[in-house]
Every structure is written in C-alpha cells, then in structure tokens.
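Take a look at the structure set out below.
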Amino acid sequence: MAPEEIPIESLDQVNVAFLYIDPKDYTIINMDGIDGTKMYARLANLKTRNPKAKIWISVGGWTFNDDGAYQSIFTKMAADTSLTHRFAENLIEFMDKYGFDGVDIDWEYPGADDRGGRKEDYTNYPKMMSGLRRALQGSNRYSKKWGLSLTVPTSYWYLRWFDIKMLEMVVDEFNLMAYDLHGTWDREDPIGPYLYAHTNLTEIDDALDLFWRNDISPSKINLGLALMVCLVPKFYGRTFKLSTPLCAKPGCEWKDPGPKGPCTTTAGILSYKEIQDIIADGNLTPVYDEEAGVYYVTYGKGGANWVSFDDAISFRAKTDLANKYGLGGVLIWAIDQDDRYFNALRGVTGRDIPPVADAVDGYGAFALDQCYITNCHESCEAGDILMTRLNEDSSGRGCDGKDHYARSFCCPAVNAPESSNCYWTGGPVNCHGQCAPGEVSMVLDDYGDSKKRCTNGGKKVWCCPATNGQKSIEECALQPHRKACPADKPQEMTTVGDMYRDDWGRVEIRQKFCCPEKPQYDLSTCGWHGDNYYCNDNECPLGQIELFKYSGWHEGLDTSYHGCNKGRKQAFCCDPPLNDGSAFLPVPLENLFPDAKSFPDTYSMTFAETFDHNDDDLSSKAAGLDPNERAFTWVVMVGDVEDVQSFDKRDGSHLELYDCPNTDREDYTVQKAKAVCVGGSKDNNNCEDILLGGVEGTVVRMPSHCGPDQYVRAVRFELTNSTIPGHLRKRHPSAERVYNFHYDYNFHNLRRDGGEVYFRADFSTHVGYWYELVEASHDSPVKRSAENWRELDRRFWSETKQDWRKRFEALLVYGGQGLRKHYEWNECLFEAKAVCGIAEFDSEARVFGEMNTTMDFGTSLIGTLRNFDFQEAFSFWNQEDFSMRMGAKFHARARLYMDSGWMSVGSFSDFGMNVSAGAPGSGPRASIPLTIPSNIPLRTHEIQRLEQ
C-alpha cells in the first residue's frame, strides 16, 4: 500500500512501524533490508488530507529484540541516562525533520530472559520513558512537544515485567496487543502445546483487569486488533495439527503447526480467504466460541487440523468490549494489510470507508527522465514498454560481443509516445543524426538501426514526432528581410541571415523566425546546436523539440560567419511549450474527440488516470501501470489554458494543496482547500495562472491527495495572511504565499467569456479496452469478431454506432475478466436499553453477511462540458460468480418485539469507476433492502442464518 492510499480521513492516528536504533550512535535508522527514507515525507504529508490526524513512528518491534546486535539496546539505554538523552536528541531531530507527531516504544520484552531482558529492566524502563517524556514535552532545543506511547502485551508472562503504574505517569497511551496470544511458540512457554485461539476475549479481559487493579485510566488504553492480507485480504487465523482428531476443542493438545496455505505459504497461519475456501470446499461448519469471541473449525483429512479466526462478528465483540470499558480507542495491525476496499476496517469501525483513488505515481506530462536504458541483455521493468533497442548506455558504454542491440530503451507505458512513429536517423559511419522540425530527440547511440558503427564521430538519434502543440510548431515561419513578427505570430524566437555580394558590394539578409502567441515558449531554454564549421553534433538536447534548422548565420555568431560545410544545418531547439514541457500526449487528440481537428492551436490537455491495484482485479497478474492490462479510469479535459488548469504537481503546478475536505459524493456545496506556492522562483512561477482569464468557472484538475474528485469548478482563489503549517514549512522553508481555494462541481456554469471545454472519460475492467476503444484511431481495424455477445447498454448512438458495437464485440470474445467484489456488513437494526429499579434490560438486533460477485464493464463518454452535450456515450457490463450469505443476531433478556422497517444494509462502494461529482458517470451499483419483523423469546442471544 502506498502512503497516499491510507484512508487518513477515517483515522485519528497512523503509526509508522518499525524504525530501529543504531547500536553505534543511537540514531534512528530503517529496519534491516528496508529503505523507508523516501516514504517518511509522504507519510507525514497525509496530514494535508486530514489536519487533525497524527502521524507517529514506532521504534522497536518483535524482530528488533531477536538475538543479534539490536537485542540489548533498550536494556542498555534504560540503565544509562546519558544514552537515553543521546537517543532522545536523535529521535527529536528525526521527528522534526519529517514532521512526525509522536513515538511509540515497542520493547518486546523488558525483563524476559527469553527475549534478552534483565530483571533491572522493570525499574529502569519507567526511568527511561520519563527521560524521553521530559525531552519530548518541551525540554529540547526545538521548544516543541511530541507524543509518547508504549506497546504492551496481554500475556501476563511478559506483562509482569512492566511497571504499568509508574509508566502511566509518563506516557500518553498504552497500545495493548490483543492478538497473537497463542501460536506455535507456546510449545516452549509454560502454557505448552495446547489449543487456544490466537485472540481471546477472556484473556484480553484478564489483561485489562491487571490495569484496573493498578488504577490505570481506561482512556489511556488502545485495544489492538490484527488482520492479514492475501488475495481477498481480510482477517486471519492460527493453525495447528491436532495430536488426535478426537480432541479438537480449546485445551486439547497439538503436535505441529498447521499446513501451509497456497497464498500465505507459511506453516501455522492462514488468511481469511484461505480459511473460507477450506470451509466451502469441505462444507464445514465453524464453531463460534462466544466466551472467547472467536471462531474455530477443524479441517483436513479426518479433521486433523484446527484453525481459529476472526471475522466481522468477532471483531464486533472486541470493539463492544472496548466500548464497555471506555477504552481510549482501537488500533489495527496493520492498515496496509487490509484490502483495497478496507473491508476489515469497515468491520472494525462499522463505518463506510471509501477507497482512496489510486492516482498513478508520476502520471502526468511525459518527461524523458522517466525513461531509461537497461543493462546489457536486460528487459524493461514491469509496467514500462520497449521503445527501441540500442548498444550504448547513457555514458556511451557498449555491450561486449556481436549483439549491438543488447540494451533496451524503456519508458512508462502510461504516457510514452507511440514508438512505431519514431525512427533512427544519421549515418552509418559519418553519423551526426538530426531530427526534423516538430520532432523530439529521444536517445543517442553508435549503432541505432544499422549494423555499422559511427566511426567518424557523432551519434545516431532516435526521433519521435511531437503530438502536443505540433500545429503551432508548423505555423512558425521565417519572415521577410528586416520585417518584424506579424500579429498572428508575435513570438520572436531567433534571427537568421545570409550574406552575398552584388554589383554594389556586400548585402546582409536578416530574417526573424516567429511563432504564434500561444503556446508561450520559455526562450531561456531555446538555443542553436551544432559546431560552427562542420556543424557536427547538431542534434537537439535529449527531450527538446526542434523548431527550425538553418545552415547560415544566426544570432550569437560573428557577422563574418559563412555557414555550415558539406550542406549540414544547425538546429534551433526549445523545451516543449505545452503540458509543462511535454511534447507528447498519451493519446493523440484526434483519436479521442471526433472534432479534434477543429481545436485551436492554443488548446492544452489535462488528463488523469487511476488504476485498481489489488488482487480483486482479475488482470492483476499484469504488473505495472499499463492501462491496457489493468482496470483503469481515464479522464481528459481539453481547452484553453484560461479555461482548464491543473493544480497537480505532476503536471508542473507550483502549488501544493492542503486542508482538503473529504467530500461526500452527494455533497455539491462549495468546498474550500488551502494552497501554498512552493515551486518556481519568486518572480517566475505559475501559482496564480488561474487568474489569467478570471477564476470563477475555470475547470481545475486536483492532486490525488486532495479529496475524492479529479476535477472541480473554481469559485474563488484568494491570497490570505495565513501561516504555513509546520509540516509544510519544514519542506518549503522559503514559501510565503498561502491561498484559499473555493470550488464546487457545478460544471454547467463555466467561465462566461471562456471557450469550450471538451471532456472524455473512459473506465473499464476489461483487458484490451484501452487499445481497442481509447488509443485506437477511429479508422483502425477491429482486432477480432465476436461470437459470444453479452449485453450492451445503448444510452446514445452516434452516426458511427456500428463501429462502437464491433469494438465491444471484439473485446467480449473472452470471458473470465473483470473486478471481483467482496462486501461484508454487520449493522444494527434495533437497539434499546432500560433501567427498572435496580435491574437493567437491553435488547439488540443486528444483521450480518457478505456478498461476492465479479463485474466486467466498460464505459466511454465523449462530449463538452459547457452545455453537457455528449455526442457519444456507450457502456457494457456483465456480472458473473454472484453469491451472498446473510444472517441475523438477536440479543435480549426478555421477549424481543420489533419491526426494523425496510432499510438498506451493507457498505458498498460503487462498482463503476465514476469520475468527479457533478460530471457524468456510468456504472452498476449495489443495494440490499432488508426488513426483519420479530417476536422472539430470548434469554441471552441467538445467531440465525437467514439465507445461504
């Protein structure tokens, strides 16, 4: 899970686990084999989405106290105040650098001789924590305060070494690990090899009782729960091989860990999905141990194996316990082990947790530095595509042997130019390749596409035609002698000339090379290339676009210069002017919009794409970010720069947004976020470009961390006197300007005097949809013909409806595609409590269940936003492998009379990958209406299966 995918809007705090302590100097370091340095700033940056959330670090952990160099660190530090002080200084410096809010100390375990502990740890640990507390609470050179907590076990065997009464006085919280209470390690403990669930309400209650007997405030205790990821990730279980299947209840003996699962591949543990598959295949009935609050079931030949596991019901029992005692909160180990739709987190919290849009990292304007040359005989990394093959790396080193095409030149699949339109130029022998005007120099090589090497200097150049702004490049032109640039081409790019002699003497010709007003070139990036005699090395710098080439004099040269020899020409090159320096669009506009040829040259394109990175996607075997192989959403907005803006830093924006609201999809009111200008220079930045044509009505692409919507409509953009938050000030110490950005989703009301904004959205779970219906040109042949037509929703047919139908049919030849959806719910239908005299009566009715289905769909919407005129809107969807399980739980001390009425249960995210609120979307959705009338005599509680 990427840091940006954490549902921070639904959390109060995130602990980053684990960091280690360097035994040499007591500085904070990464875990062995882990490079988290690049992650820390991204994790701290989560607070831009939820400013109230806290981001802490956890130091230590189980493996930190394994045998080795780290095991004695906590013991030494607790016994030596100077080491505690040194560690505190290093810890504070680390947390201040990355913007963290606190630290959790996870010492597993003080005093325990089997974990490297010593008896004196019992008295030294509170002293160490007290020293840390003083340093973190203001006794430091930063005059700041940080939080402090510690992790504690439920097992009395280890908990007895914690002086919790003394520790309570110096910590903000105790994090109680109410999981992994039992496992194969029990064989070596006094408990012995006897069956007990890995989590147990009774043992948790006993552990809490120790806290109560020491007068520990319940509000200082967080109850820890655990889950594990694998395929359809959820909760997990510990497994054992029984000594005899005749004794399979808690307390019976086991002999070995249970067999490995196909996904977890670890003896003694199974994921929830693996457990459910075993239950379904064997038609087994799990037993719910109400006292322990956990399920268990025997499985395998003759019931030889035993597993305990959690699900939404048992999690609910534990959160009920936390509520009963008024605990401070619930912690989950670990959020990155939940599934894409946060079903486990939903089960714990009982709240809807919308999945975070997974914007493609680095997806935005194409940049050549995203491409790379491999080592000899290596292929491109997953998600990248082969552009061409070559011999040399970027340092000019070739490969040994006769294979002169042993390296691969690779670029990200999501935004690379179409390689079939590119070519090698130059040589052989005398190379000095040179691209044509309107083309980009991509890579150099000494062989290129030839069997002969460049031996007389120079390189071959691989050139790709620009697809972004090529019209404006074609309109650039030389003007007549001594004439100024005309009104339709006001950008003066450079001046060239020539000299000849006539009967009256030497004549100098001077001509200006001029381009249209838009797009605006950054002339500081432009220049002439090629030496001044033979004009060798006359290719553009890699990534720049060639506008013009000339063999004679140009500005910057002495007037006596006569030009290149041998008919060569020097090249005038600039950074691409559109999409913040990208010469390429991921898809040519004429392949996206029927009337693209009529678009003005000044139109720019913003685009956003998200992928479903989880194993529910049946195409998940395809790694990387190729939209043709993964479930995706793609949104394109095209218009003048005054009408369409991007606040995404990946598109080159110099703004960083924070304090973004977590907008509900049905909330169309005006929202507010803040922005700080952090890029460019003080006098040269694009922070206020939204003011160019007037703010209100401008369409703005939002960064992925700022709310659930990719595009919004600007309402106001105002400079404020607000100060920059500390976590941003750390990264941008020179930033000064802070803005309030107000926006809504009323795309009907665009800028009154603005131009048209063209809109396209494509979203699909079907492999091949991208190539067949997004990237393909409109006159390209359909790849296949269909034999198993399924279902097509004819929302609107254009004059080319047959083409759309053929393309859908071509995709639907093969089944077994789509997105698996797994939903769980555990919701309250009725709850009542009453006190009569000295007696208390309560009753409750809940419904629980799960639903599974596979949805295969594709949708394309094409039109304009100003009047919501959609020329083409097509979609198909197909559902397979549907199953549902439901049940009800009743609790009362007398007869329960109730009628829940009709209500929708379950917390379902959309099947369809819909785009921004206010913009059109299409896709199937799920809803389950339910009613339960009851007249049931109950003493304690019952669980009834309603449907199987």
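FYI, it's all coordinate maths here, none of it is from the lab. Since the model is a prediction, treat every value here as computed from it, not as a measurement. Neighbour counts run over all protein chains shown; Cβ positions are idealised from the backbone, glycine included.
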What is the Cα centroid distance between the range 118-171 and the range 307-325, reported in whole angstrom?
28
If packing is taken as the mean number of other Cβ atoms within 10 Å per residue, what is the order of 204-212, 66-74, highest first?
204-212, 66-74
Put +1 on the Cβ of each Lys and Arg and -1 on the Cβ of each Asp and Glu in the range 9-175; which of 161, 136, 59 then has its Cα farthest toward the positive end of the dipole?
136
List, in order, the whole-Hz ³J(HN,Hα) value for each residue of the range 713-725 obtained from phi through the Karplus relation with A = 6.51, B = -1.76, C = 1.60 and θ = phi - 60°; use x for Gly and Pro.
10, 5, 10, 9, 9, 10, 6, 10, 9, 5, 8, 7, x
Evaluate the distance, in nm, between pseudo-label points positioned 7 Å from the Cα of residue 520 and of residue 682 along their respective Cα→Cβ axes.
2.0
In debye, nearest 20: dipole of the range 368-574 around its Cα centre with unit charges on the Cβ of K, R (+) and D, E (-)?
600
For a label point 7 Å from the Cα of residue 194 along Cα→C-beta, name the residues of the range 243-285 whose backbone N is under 15 Å from it.
243, 247-255
Taking R0 as 41 Å, what FRET efficiency do you get between residue 325 and residue 114 from their Cβ-Cβ distance, rounded to the nearest 0.05?
0.85
For the range 368-574, what D do you get in µm² per second when you plug the Kirkwood radius from alpha-carbon pairs into Stokes-Einstein at 20 °C and 1.002 mPa s?
115
Show me 537-544, 251-258 ranked by packing, highest mean number of other Cβ atoms within 10 Å first.
537-544, 251-258
Highest average packing first - 679-686, 859-866, Cβ atoms within 10 Å
859-866, 679-686
Using a Förster radius of 56 Å, what is the FRET efficiency between residue 42 and residue 566 based on their Cβ-Cβ separation? Nearest 0.05, please.
0.55
Taking the Cα atoms of the range 178-356 alone, what are Rg (to one decimal) and Dmax (as a whole number) in Å?
16.4, 50
Between residue 62 and residue 531, 0.36 nm times their residue separation minus their Cα-Cα distance comes to what?
162.4 nm
Cut-off 18 Å, label point 7 angstrom out along Cα-to-Cβ of residue 379: give me the residues of the range 392-435 whose amide nitrogen falls inside.
405-414
Taking the inverse of the average 1/r across all pairs of different Cα atoms in the range 9-175, what Kirkwood radius in Å do you get?
16.1
For the range 106-175, convex hull of alpha carbons as volume per residue, Å³
83
So what's the range 81-200 giving for Rg/Rh, alpha carbon basis, Kirkwood Rh from the mean inverse pair distance?
1.04
